[in-house]
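Here's the structure, in C-alpha cells; my notes come after.
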Amino acid sequence: MTRIAFEHLSGPDQGRSVSVPRLPATIGADPAADVVIAGLAPRHAVLHQRDADVVLVDSGSALGTFLAGHEIQEAVLRDGDTVELGRGGPRLRFRLPDAPRRVAERRPAAPRLSETMAFRMVHQTSRSFRRALAAVLIVALALLSWSYLQSRRLGREVATLRRAVQQADTERRAFEARVEAERRRGDADRLKLEQVRAREAELLRRLTDPARGEVQVLRDELGSTRERLQALESERAAGERIIREFGAGVALIQGAYAFADASGRPLRYRQDESGEPVRDSDGGAALDPEGTGSVHTVEYYGTGFLVDARGLILTNRHLAEPWWNDDEAEKLQKAGYRPRLSYLRGFFPQQKQPFELALERRSDTVDLALLRVELGGRRIPVLPLDRSRTGSVAGQPVVVVGYPAGLEAILAKAETVVVKQILESHGTNSERVTEALSVRGLIRPSTTQGHIGDITRSDIVFDAPTTQGGSGGPIFNKNGQVIAVEYAVLPKFGGNSFGVPVTYALELLEPRSALRKKSAAD
C-alpha cells in the first residue's frame, strides 16, 4: 500500500503530521476516523486507492470538500496538494513520503528454538504473565479481524459512492435534456404568434396589389386572421395581467415523504454484499427497514395559492397528503408501513426564503386541501375567488397559473449560464437547486391559455396545456377570478385537463357555514 500522511495547515493541530495506516481511510469528526478533525461531519470524506493513485471522495458532506479552491466530489491527490474541508474550514497538505531504503545485510544464523526470546518468555515467566500475553494476542487478532471487516465495509461504501456519482451525472444530463425540451416548447408558442402576425402582414400586402382579382377572398381571410390574432394577443395579455397582479400569490410547493415501520424505522433500499441494489420479484428496488442503503424518499412538486391574508393556501389534497390515492403508497401501507412527510414548504415569487407549510383542513369528497403558512408580516397578494357561482361558462377562455413541469420549466426560463452555474454548484439535489433558484429570484409561475370544454357538478374541463407540477394551480376566468383548482391531466383525453370547481373551496374555507347549509338541507 502507498504510504501517505497529512500535515495540518490550520487549527489547533497546525504543523502536526498524521500518518494514514491503511486504505480505505476516513476523514471526519468520528473518534474512529483515521484522520480526526473536530467540527466536521462524522465521516466527511473517504480515501481509497485506485491502481497507483490515491483518490479522495466527498461523502455528501454539507460543508463540501475543496481542492485548490474548487469544490470536488472525487479527485486524485498528488504530493503537496492542499485539501480544504468546507469553505474556510480546516486545511490539510497531502504528502507521499519516500519509501525507506532497504540495506542488504548479512543475517546471522537462526538461533536454536531453546535460545529464542519467545521460548524463554513462555517457559521462564509466571503463569499470570502467560495468560496476559494470550489475552493480548486474542485482542490483537480481534482488532485485526475488525480492521479487515471495516476495510471491506469501507470498500463497499466507496463503490456505492462511485456509483452514486455516476448516477448523479446521468441524472444531470437527463435533467438538462428536459430543461431544453421545455425551452423549445416555449419558443414554439412564440413562433406561432409571430407566424399569425406575419400572415396578417402578407394579406395586407396582397390586398394593396391592384393586379389581384381575389380581393373579397383576401378580405375574408384577413378578417379571420385578425380575429385569431386578436384572440391570441388578448389571451396573452390576460395572462400577463393576471401574472402581474396575482402571480406573487401563487407558490411553488415542494415536498418529500418516506415510510416507517411500527417502531419508527424508515424503509431503506436493500443492498447485497457488493453494495448493489437488490431487486424484488417485480423488478423494483427491494425495500426493508433492515436495508443498508439510503432511505426510500419520494420527492414531488406542485402549486398552491394564497386565499386568506391570515395565511391559508389552497391546493390539492394529493399535495398536502401525497400518499393519498397513490397505488404504490397504498401497497406499503397495507404492508404495515406508515407514511410521514419529510418536509413540506412553499416558495412564493419575490420571497427568497421558503415557507414551512402545515395541513389546516382537507376535503373528504374532492381533491382539495388548505395549508397553513406563517407569513411573518410579508405582503403577498390574496387571489380573488368567484363567489357568484356563475363565473364558469362553457366556451369561455381561461388562464391557468402554476408550475407545470416543476424545476424543468423554471430552469427553462432562466439563462443558460445561470442554469449551468446552479447545476454545477448543487448537482441534482432538488432541495438545494430550488433554494438557489429562490435566492436568485427565478421562481415565477407560468401561464397557459385555453377554453372551458365542459362543466359538471364536480369538474370543470378545459384545454389549456399543463402537466405534472401544475396540480393545485388556480384557473382564472376572463374576469380575473379563480373558478377552479387544477387537479388532473389526461393527455389522451380531448378535454386534456380537469379542475375542482371553486364552490368546493368556498365550503372548505367556511366549514361552519357549510355544515349549517347541510343541516338545513337535511
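Once the Cα-Cα distance is subtracted from the 0.36 nm per residue extended length, the D13 to S224 segment shows a gain of 67.9 nm.
Rounded to the nearest 20 Debye, what is the dipole magnitude of the stretch 350-506 about its Cα centre when Lys and Arg each give +1 and Asp and Glu each give -1 at the C-beta? Taking the Cα centre of the stretch 350-506 as origin, the dipole is about 400 debye.
Write down the accessible area per residue of the stretch 284-400 in Å², having rolled a 1.4 Å probe over the full set of protein chains.
On the way: 5970 Å² over 117 residues.
That works out to 51 Å² for each residue.
Prolate is the label for the stretch 420-480, because a/c, from the alpha-carbon gyration tensor with a ≥ b ≥ c as root eigenvalues, is 1.5 or above and a/b exceeds b/c. Applying 1/(1 + (r/R0)^6) with r as the Cβ-Cβ distance of V418 and A68 and R0 = 25 angstrom yields a FRET efficiency of 0.50. The label-point distance for A256 and L204, in a model that sets each label 7 Å from Cα toward Cβ, rounds to 5.5 nm. Across the accessible surface of the stretch 368-444, with the other protein chains kept in place and a 1.4 Å probe, carbon and sulfur atoms take up 49 percent.
Computed FRET efficiency, Cβ-Cβ of H451 and A159, R0 51 Å: what is it to the nearest 0.05? The partial results should precede the final answer.
Working: r = 55 Å, r/R0 = 1.08.
The computed FRET efficiency comes out at 0.40.
How about the stretch 378-449: which GluC sites (Glu not before Pro) there lie in a loop by DSSP and see at most 12 other Cβ atoms within 10 Å?
Details: sites: E408, E415, E424, E431, E435; in loops: E415.
Passing both the DSSP loop test and the Cβ count: E415.
What is the gain in length, in nm to one decimal, between Q396 and D280 on full extension, counting 0.36 nm per residue of separation less the C-alpha to C-alpha distance?
Values: separation 116, 0.36 × 116 = 41.76 nm, distance 5.03 nm.
Length gained between Q396 and D280: 36.7 nm.
Counting only protein heavy atoms and using a 1.4 Å probe, the accessible area of T456 comes to about 60 Å².
Can you work out the FRET efficiency for the pair R310 and R265, with r the C-beta to C-beta distance and R0 = 30 Å, to the nearest 0.05?
Values: r = 38 Å, r/R0 = 1.28.
Computed FRET efficiency for R310 and R265 comes out at 0.20.
If you count, for each residue, the other Cβ atoms within 10 Å and average over each peptide, how do 326-339, 389-402, 133-146 line up from highest to lowest? Numbers along the way, then the final one.
On the way: 326-339: 13.1, 389-402: 18.3, 133-146: 10.3.
Order by mean packing, descending: 389-402, 326-339, 133-146.
Here each label is just a point 7 Å from Cα along the line to Cβ, and for A135 and A237 those points are 9.3 nm apart.
Give, in nm to one decimal, the length gained when the segment between A52 and Q468 is fully stretched (0.36 nm per residue of separation minus the Cα-Cα distance).
Numbers: separation 416, 0.36 × 416 = 149.76 nm, distance 4.83 nm.
144.9 nm is the gain from fully extending A52 to Q468.
The values are calculated or read from the model by the stated rules, or taken from the named source; none is laboratory data. Since this is a predicted model, take the numbers as computed values, not measurements. Virtual Cβ from ideal backbone geometry, glycine too; neighbours counted across all protein chains shown. The protein model used for the area step is the full one, side chains on, heavy atoms only, and it has no ligands, DNA or RNA in it. Shrake-Rupley method; radii C 1.70, N 1.55, O 1.52, S 1.80 Å.
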